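Peer 1: Structure provided below as structure tokens; questions to follow.
The values are calculated or read from the model by the stated rules, or taken from the named source; none is laboratory data. Remember, it's a predicted structure, so these values are computed and weren't measured experimentally. Glycine gets a Cβ as well: all are built from the backbone with ideal geometry, and neighbour counts include every protein chain shown. The accessibility values were calculated without ligands, DNA or RNA, using every heavy atom of the protein model including side chains. Shrake-Rupley method; radii C 1.70, N 1.55, O 1.52, S 1.80 Å.
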Amino acid sequence: MNQDSQEMDFSFVLASSVHDMKNSLGMLLNTLSEVMLQYPPQNEVHKKSYAVLEYEAARINSELIQLLSLYRLDHDKVRANIDECIVADVLSEQVARNYGLLQVRAIDLDMECDETLRGYFDSDLVGGVVNNILVNCTRYSKNKLKLYAEQTAEGLCITIEDDGPGYPEDMLNASTFSETKANFADGRPHLGLMFANKVALMHKSKSQQGFIRLSNGSSLGGGSFKLFLP
């Protein structure tokens with residue numbers, strides 16, 4: 001067996017393992033949600049412990065999904081299924097998905113989106129990007145998040161803002177984020193940004209192509225993540 005075959009076999013085994021771990025963690029998250037409903041926190045210490053468990057489990061699950069998605073994207077196993085979508089429905093689904101996490105961390109999320117706003121994109125892939133950013137923002141925000149979408153001159157723009165400390169300098173040039181910018185050495189590969197960038201680039205229309213943009217000084221005072229889709 002040559003080296004290429006060994007690397008291919010290992011990547012396949014790794015992807016299969018990630019898939020199994022993702023499924024197991026999904027079951028763990030569901031069980032955790034049931035436990036939290038049956039045994040609500042009795043004090044601030046309990047509440048903080050639940051918040052840590054919920055966040056870390058959601059974060060790991062999100063990163064496993066991204067790893068699996070990145071593997072499939074790199075091996076041409078995933079193609080964007082572009083269709084007309086009601087933007088508010090896609091955003092609402094992700095908000096509902098993270099309802100428990102937002103509750104235990106006492107974060108108020110304000111969603112603004114015209115019910116008639118439509119776009120042409122892969123709802124699963126874009127939903128995955130929005131979910132990941134929401135999960136990450138719950139860690140750094142103080143108590144407020146804002147999610148909104150609007151049609152702009154650069155295309156459909158989905159924005160997530162927080163009231164946290166903002167993005168570090170090494171993440172602000174995320175519009176050209178790729179594997180070459182992934183910093184595995186310091187333990188911060190930024191898989192979410194790699195995934196978001198790949199998803200954005202998969203959306204094309206004539207001469208336009210999707211992209212992402214990070215900035216600080218949002219309307220809430222913290223970071224701002226924008227996903228533009230043509």
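Peer 1: Can you pull out every residue in segment 71-112 that is closer than 26 Å to Leu32 by Cβ, polar (S, T, N, Q) and modelled with pLDDT of 85 or more?
Peer 2: Ser92, Gln94, Asn98
Peer 1: Given the conditions (1) under 16 Å from Ala149 (Cα atoms); (2) free of Cβ contacts under 8 Å to residues at least 12 places away in the same chain, report the number of the one that Phe121 does not fulfil.
Peer 2: It is condition (2) that Phe121 fails.
Peer 1: Considering only residues that are open to solvent by 20 Å² or more (accessible area, probe 1.4 Å) and of a type in the set (S, T, N, Q), which ones fall in segment 89-147?
Peer 2: Ser92, Gln103, Thr116, Ser123, Asn136, Asn143
Peer 1: Please verify whether segment 172-193 includes one or more residues that are of a type in the set (S, T, N, Q) and at pLDDT 90 or above.
Peer 2: Here is the first cut: in segment 172-193, the ones of a type in the set (S, T, N, Q) are 173, 175-176, 178, 180, 183.
Among the residues that remain, those that are also at pLDDT 90 or above are: none.
Within segment 172-193, not a single residue is of a type in the set (S, T, N, Q) and at pLDDT 90 or above.
Peer 1: Oh, and also: Out of the residues in segment 130-147 that are assigned to a helix (DSSP H, G or I) and of a type in the set (A, V, I, L, M), state the one that is nearest to Ile86 (Cα to Cα).
Peer 2: Taking segment 130-147 and keeping what is assigned to a helix (DSSP H, G or I), we get 130-140.
Cutting the leftovers down to of a type in the set (A, V, I, L, M) gives us 130, 133-135.
Numbers: Val130: 15, Ile133: 20, Leu134: 19, Val135: 22 Å.
Across segment 130-147, the extreme among qualifying residues is Val130.
Peer 1: Tell me yes or no: at least one residue of segment 147-154 is closer than 23 Å to Ser219 by Cα, in contact with a helix residue (DSSP H, G or I) (Cβ under 7 Å, 6 or more places away or on another chain) and among the small types (Gly, Ala, Ser). Before the answer, list the steps.
Peer 2: Keep residues of segment 147-154 that are closer than 23 Å to Ser219 by Cα, which gives 147-154.
Among the residues that remain, those that are also in contact with a helix residue (DSSP H, G or I) (Cβ under 7 Å, 6 or more places away or on another chain) are: 147, 149.
Still in the list and also among the small types (Gly, Ala, Ser): 149.
Taking every residue of segment 147-154 in turn, at least one turns out to be closer than 23 Å to Ser219 by Cα, in contact with a helix residue (DSSP H, G or I) (Cβ under 7 Å, 6 or more places away or on another chain) and among the small types (Gly, Ala, Ser).
Peer 1: Please go through segment 75-118 and give me each residue that is free of Cβ contacts under 8 Å to residues at least 24 places away in the same chain and under 19 Å from Cys137 (Cβ atoms), ordered by number.
Peer 2: Result: Ser92, Ala96, Tyr99, Gln103.
Peer 1: Now for a different question. What number goes with the only condition from (1) in a helix (DSSP H, G or I); (2) without any contact (Cβ under 8 Å) to a residue 60 or more places away in the chain that Glu150 does not pass?
Peer 2: (1)
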